[in-house]
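Notes follow once the structure below has been shown.
The values are calculated or read from the model by the stated rules, or taken from the named source; none is laboratory data. Worth saying up front: this structure is predicted, and the values here are computed from it rather than measured. Every residue, glycine among them, receives a Cβ derived from its backbone with ideal geometry; neighbour counts consider all protein chains shown. Only protein heavy atoms, including side chains, enter the accessible area calculation; ligands, DNA and RNA are left aside. Shrake-Rupley method; radii C 1.70, N 1.55, O 1.52, S 1.80 Å.
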Amino acid sequence: MLGLRALLLGARGACACPQVHASLATGPRQNDGTFYEIRTYDVKPSKMKEFVEMVNKHIHLRTAHSEMVGFWTAEFGGMNKAIHIWKFDNFAHRAEVRKAVANDKEWQGKFISPVVPFLNKQNNEIVYLVPWCEIGKPSKEGGVYEMVTFQMKPGGPALWGQSFRAAINAHLNTGYTKLIGVFHTEYGLLNRVHVLWWNENPDSRAAGRHYAHEDARVVAAVRESVRFLESQQNMLLIPMPCSPLK
């Protein structure tokens, strides 16, 4: 475990979030316990419009209890999906929030009861920011987000962390995209990494990707990283009007 700690903290750079161990963790974590919950809802196609309207109308009742990072709908890579990310100080904080939300009659009555029948499936993951990353902000409002999900080989960051970081930095160095966050799962499917990017629009993203694929530095870094990759998928996300990340 000490070797893993040395590897991760040595690659940490200017991260604003120091790390702490957890007995069942896959790697060092934030000293303050901060983590994020990524919730994915599969919405019935006939109810998607109503779902979006309900979220924008009533989500303020939920954000009164804890911080929402962002709320998006999937444009490409998944149909009728909604993804939202919530920030918690620690697990005790989340437990307190969940209890308060369950007892919030206005939230339960105006949103939960009417919306639950709109959903086909719900999923959640508990994730931490990787040690060398902090939540970024888009250059301006009105862009699009891309969530790229990597299923890495078992072994955690001790195995693939340095190569993965090099591949991310190679894309960043091209300048065509902005990194919002890199999240590593703690609960959910392990050895999964979600990378959230921001681009001005889908066309600028496409042009940037073509440019990156012709950059020898990107090609070399990706070639090294994919040795540890089992699968990859991505979604283009559109932020809702209520989303703090727009």
Seminar exercise, completed: Under 5 Å from the placed amide H of M240, counting only residues 5+ away or on other chains, we find F71, W72, T73
For this session: With unit charges on the beta carbon (Lys/Arg positive, Asp/Glu negative), name the residue among S163, G142, G109 whose Cα is farthest towards the positive pole of the charge dipole of region 35-239.
Result: G109
Seminar exercise, completed: Residue separation between N173 and E96 times 0.36 nm, minus their alpha-carbon distance, gives in nm 23.6 nm
Exercise. Taking the Cα centre of region 88-226 as origin and charging only Cβ (+1 Lys, Arg; -1 Asp, Glu), how large is the dipole, in debye to the nearest 20?
Worked result: 220 debye
Seminar exercise, completed: Inter-part gap, Cα centre of region 147-221 to Cα centre of region 32-67, in whole angstrom, is 25 Å
Problem set entry | Whole-Hz ³J(HN,Hα) from phi, Karplus 6.51 cos²θ - 1.76 cosθ + 1.60, for region 215-222, glycine and proline x | 8, 4, 5, 5, 4, 5, 5, 5
Seminar exercise, completed: A correct Karplus calculation of ³J(HN,Hα) over region 85-99, with 6.51 cos²θ - 1.76 cosθ + 1.60, θ = phi - 60°, whole Hz and x for Gly and Pro, returns 10, 10, 9, 9, 5, 5, 6, 5, 4, 4, 4, 5, 5, 4, 5
Problem set entry | Two-site label geometry, N201 and S231: point separation in nm, points 7 Å out along Cα→Cβ | 3.4 nm
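Just the number, please: carbon plus sulfur as a percent of the accessible area of the chain, 1.4 Å probe, no ligands or DNA/RNA counted. Mind dumping the intermediate values first?
On the way: 6430 of 12020 Å².
Looking at the chain in its full context, I get 53 percent from C and S.
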Exercise. In whole angstrom, and with the biggest value first, how far do the Cα coordinates of the chain range along each principal axis?
Worked result: 53, 44, 30
For this session: Can you work out the PRE-style zone for Y187? Point 7 Å along Cα to Cβ, and I want the residues of region 59-80 with backbone N under 17 Å.
Result: 66-67
Problem set entry | Length-normalised contact order for region 35-239 - Cα pairs under 8 Å, 6+ apart - percent | 28 percent
For this session: Work out the length of the dipole vector of the chain about its Cα centre, built from +1 on the beta-carbon of each Lys and Arg and -1 on the beta-carbon of each Asp and Glu, and round it to the nearest 20 debye.
Result: 220 debye
Problem set entry | Per residue value of the accessible surface for the chain (all protein chains in place, 1.4 Å probe), Å² | 49 Å²
